1. Cβ-Cβ under 8 Å, sequence separation 6+ or interchain: first residue in segment 28-51 and within 16 Å of residue 77 (Cβ to Cβ), partner at pLDDT 70 or above and in a loop (DSSP other than H, G, I, E, B). Which pairs?
2. Check off (1) touching a helix residue (DSSP H, G or I) at 6+ places or on another chain (Cβ under 7 Å); (2) more than 30 Å from residue 97 (Cα to Cα); (3) assigned to a helix (DSSP H, G or I) for residue 26 and give me the number that stays unchecked.
3. Hey, does segment 29-39 have a residue that's modelled with pLDDT of 90 or more, surrounded by fewer than 11 Cβ atoms within 10 Å (Cβ to Cβ) and either in contact with a strand residue (DSSP E or B) (Cβ under 8 Å, 6 or more places away or on another chain) or in a helix (DSSP H, G or I) (or both)?
4. Quick check, is residue 48 exposed (fewer than 14 other Cβ atoms within 10 Å of the Cβ), under 15 Å from residue 71 (Cα atoms) and either at pLDDT 75 or above or touching a helix residue (DSSP H, G or I) at 6+ places or on another chain (Cβ under 6 Å) (or both)?
5. Which residues, taken from segment 52-61, are part of a helix (DSSP H, G or I) and surrounded by fewer than 13 Cβ atoms within 10 Å (Cβ to Cβ)?
6. Which number in (1) assigned to a helix (DSSP H, G or I); (2) surrounded by 10 or more Cβ atoms within 10 Å (Cβ to Cβ) marks the one condition that residue 91 misses?
C-alpha cells in the first residue's frame, strides 16, 4: 500500500467519523433546515465528481467516478425533495390541500395520446 493511499484513506475515515459526530449532535428540529441550506454545497460535490471523472484513466477510475457522480446527484435531488416537503409544511392548510389536489389532478388527467374512458368504450352502459 502506497503512502499516498494510506494518507487518503486516513483522511476519509477521519472525515466520516467527524461528520457522523457533528450530524448526530444536531437536534431533529434543526436537521431539515440545515440540510436544505446545504444544497449548494452538494452541488459542489457533484462538480468535484465530474472533475474526478476527467482525471480517470483506468476502468476502476471510471467506475469510481460514475459512482461518485451518482451518489452526488442523489444527494442534490434528495436535498431539494426534502426542502420542498419542508416548505409545504409551513403553508396554510388550504394552500397545502390545493397543492396536493392539483398534483392529483395533473396525474389523473389523460395525456394527449391517451384515450378518455368514453373514447375507449368504458363510459358506455
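The values are calculated or read from the model by the stated rules, or taken from the named source; none is laboratory data. It should be emphasised that the depicted structure is a prediction, and the values quoted were computed from it without experimental measurement. Virtual Cβ from ideal backbone geometry, glycine too; neighbours counted across all protein chains shown.
1. none
2. (3)
3. Within segment 29-39, not a single residue is modelled with pLDDT of 90 or more, surrounded by fewer than 11 Cβ atoms within 10 Å (Cβ to Cβ) and either in contact with a strand residue (DSSP E or B) (Cβ under 8 Å, 6 or more places away or on another chain) or in a helix (DSSP H, G or I) (or both).
4. Considered against the rule, which asks whether it is exposed (fewer than 14 other Cβ atoms within 10 Å of the Cβ), under 15 Å from residue 71 (Cα atoms) and either at pLDDT 75 or above or touching a helix residue (DSSP H, G or I) at 6+ places or on another chain (Cβ under 6 Å) (or both), residue 48 comes out as yes.
5. 54, 55, 59, 60, listed by residue number.
6. Against the list (1) assigned to a helix (DSSP H, G or I); (2) surrounded by 10 or more Cβ atoms within 10 Å (Cβ to Cβ), residue 91 comes up short only on (1).
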